[in-house]
Amino acid sequence: MYPFFRALLFRMEPEKAHALTLGLMRLAGALPPATAFLRRWFAAPPAPVEVFGLRFINPLGLAAGYDKDALGWRGLAALGFGHIEIGTVTPRPQPGNPPPRLFRLPDDRALINRMGFPGKGADFVARRLTAPRPANLVVGVNLGKNKDTSLDAALQDYLPLVKTFAPLADYLVINVSSPNTIGLRRLQARQALSELLLPLQAARREQETRLAKRVPLLVKLAPDLNDTELDDALDVIIHTGLDGVIAANTTISRPALTSQFAAESGGLSGAPLQPLSLRMVQAIRHRTQGKLPVIACGGIMNSADARRFLDAGASLLQIYTGLVYAGPTLIQSILRDLAHHAP
């Protein structure tokens with residue numbers, strides 16, 4: 001059924017198609033009969049996993065970027081996700097980069113985006129997250145700085161975000177790896193990352209004491225880091241005492257692509273990203289002796305890909321572009337396959 005709907009959606013501009021599907025998920029989440037129908041239709045066997053002190057009903061989640069403003073998360077949860085990551089959220093509303101800024105590369109099963117963190121801001125998202133939580137759903141919030149905030153002042157954006165979302169989220173992610181906010185990736189360098197994460201770790205601990213609950217704090221890294229840069233970032237993350245890494249964000253590299261929009265600037269996701277993100281998961285497991293949990297994100301297009309990342313050392317998985325090309329049955333397919341191959 002999805003190939004028919006995909007053909008219709010792919011006739012629309014990518015952002016409009018995305019807004020339509022997210023709007024439908026928002027509506028489904030607000031209507032209990034629709035939510036119940038989706039839960040029955042997309043039912044899959046549980047595959048519980050415990051990571052950084054949280055229990056996930058299954059290892060498959062929705063990556064940040066799909067539901068930036070927490071509009072459709074309750075409906076999306078009915079599709080079978082074990083966790084959903086909201087955002088990237090910035091302190092203040094901002095329009096993001098001018099359109100067109102999202103491009104489909106169907107021949108490559110990929111997307112290129114240069115969105116630039118468009119969103120309604122932290123206050124709006126916080127209000128949306130006060131809605132009743134679907135059962136067994138883990139919610140993460142991905143945090144970023146505003147475009148007009150200088151790198152030297154980035155901490156002034158991230159600190160209030162940690163304080164705002166610690167009570168509302170199950171885990172938080174510091175996004176320092178989007179290629180679409182000028183200069184942001186420079187925050188992955190050893191000194192800059194240390195100067196950012198140390199006070200954020202202190203703020204996290206204050207919130208944990210105040211809330212009497214754990215608030216895992218993760219970092220999302222770029223797949224374009226070289227070995228030395230990755231070692232530096234991991235060293236800071238481990239010594240700061242953070243809980244995990246998301247590997248990886250979109251890539252600015254361009255492997256051989258054949259689609260019409262291959263030359264567009266922005267971050268590339270989907271099947272061409274998989275070799276980079278898979279190698280990054282393997283490298284993190286090797287460099288940390290498996291002590292630092294990794295959420296694999298980037299190029300998971302089918303159930304075989306999912307198993308490949310878990311075998312490489314990932315604790316959890318996230319999808320986005322795969323959902324665009326395969327549709328929501330991808331979730332059920334992955335979870336059933338994982339159950340079938342469970343030891």
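Could the peptides 325-336, 296-307, 149-160 be put in order, highest first, of the mean number of other beta-carbon atoms found within 10 Å of their residues?
The most tightly packed comes first, giving 296-307, 325-336, 149-160.
What does the charge add up to near D157, with Lys and Arg as +1, Asp and Glu as -1, over the other residues with Cβ less than 13 Å from its Cβ?
Summing Lys and Arg as +1 and Asp and Glu as -1 gives +2.
Using per-residue counts of other Cβ atoms within 10 Å, averaged over each peptide, order 264-275, 68-79, 281-292, 23-34 from highest down.
Those peptides, ordered most packed to least, come out 68-79, 264-275, 281-292, 23-34.
With every protein chain left in place, what is the accessible area per residue of region 31-181 in square angstrom, probe 1.4 Å?
37
Rg and Dmax of region 243-343 over Cα atoms: what are they, in angstrom?
14.0, 44
Could you list the residues of region 129-153 with an amide nitrogen less than 11 Å from a label point located 7 Å from the Cα of L31 in the Cα-to-C-beta direction?
Residues passing the 11 Å test: none.
Which residue, R11, R185, R308, has the most motion in a Gaussian network model of the chain that connects Cα atoms within less than 10 Å?
Judging by the Gaussian network model, the answer is R11.
Just need the Rg to Rh number for the chain, please, alpha carbons only, Kirkwood Rh.
On the Cα set of the chain, Rg over Rh gives 0.93.
Using a 1.4 Å probe on the protein chains only, how many percent of the accessible area of the chain belongs to carbon and sulfur?
Percent of accessible area from carbon and sulfur atoms in the chain: 56.
Mean 1/r over all different Cα pairs, inverted: what Kirkwood radius does region 1-151 give, in Å?
16.7
For region 65-192, treating each Cα as an identical point scatterer without solvent, what Debye log10 I(q)/I(0) comes out at q = 0.11, 0.18 1/Å?
-0.40, -1.01
With viscosity set to 1.567 mPa s at 4 °C, what whole-number translational diffusion coefficient in µm²/s follows for region 218-286 from Stokes-Einstein and a Kirkwood radius over Cα pairs?
100
The values are calculated or read from the model by the stated rules, or taken from the named source; none is laboratory data. Please read all numbers here as calculations on a predicted model, not as lab measurements. Using ideal geometry, Cβ is built from the backbone for each residue, glycine included, and neighbour counts are taken over all protein chains shown. Surface areas here come from the heavy atoms of the whole protein model, side chains and all, with no ligands, DNA or RNA. Shrake-Rupley method; radii C 1.70, N 1.55, O 1.52, S 1.80 Å.
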